[in-house]
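Working notes for the structure below.
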Amino acid sequence: MPADLALDHQLCFALHAASRRVTAAYRPLLDEVGLTYPQYVVMLALWEHDGVTVRDLGERLFLDSGTLSPLLVRLEEAGLVTRTRDDPDDGRRLTVTLTDAGRALRAEAERINCFLQEHLPLSPEDAVTLRELARRLLLPTPDDPTA
């Protein structure tokens, strides 16, 4: 039986296109507060757990240090986070902490989140179901080709 390669039948394409659409919906709102979508995701993680190592933050966000480090540099330059070395003799371990300005930005994020939830074409129940299904794809499997 030949594989069904119709574009509209591909999970990868539906997830990719939907992700781009959601990210685009965030863009104008995040522009107002001076964040890119990747920076916003970092801030979300820090609002949930402040004072984490770069390594732990990368694991939480599924980002490697080459992607995460420039985001953190820009957030630090914007005065939203600080990065401190836990051990001056071992420069590899950095802790990321929100500044007062970074903590204050959370109120704007709550406004953005509420606005988008009201304007996305999903019921609250559908949004929960979609999020739960997408999270399943992030769970490790024994035959995971990315592990």
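All of the numbers you see were taken from the coordinates with simple rules; none came from a lab. Note that the structure is predicted; figures quoted are calculated from it, not measured. Cβ atoms come from the backbone with ideal geometry, glycine included; neighbour counts cover every protein chain shown.
Below are the figures for this structure:
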| item | result |
| --- | --- |
| Degrees between helix 124-136 axis and first principal axis of the chain (Cα, 0 to 90, nearest 10) | 80 degrees |
| Size of electric dipole in the chain: Cβ of Lys, Arg +1 and of Asp, Glu -1, about Cα centre, debye, nearest 20 | 180 debye |
| Choice from Ala78, Ala45, Ala127 with maximal GNM fluctuation in the chain (Cα, 10 Å cutoff) | Ala127 |
| Paramagnetic label zone (point 7 Å from Cα along Cα-to-C-beta, Arg111; backbone N under 15 Å) in the range 34-77 | 34-35 |
| Mean separation of Cα contacts under 8 Å (6+ apart) over length of the chain, as relative contact order % | 18 percent |
| Coordinate range along principal axes, alpha carbons of the range 6-135, Å, largest first | 54, 32, 22 |
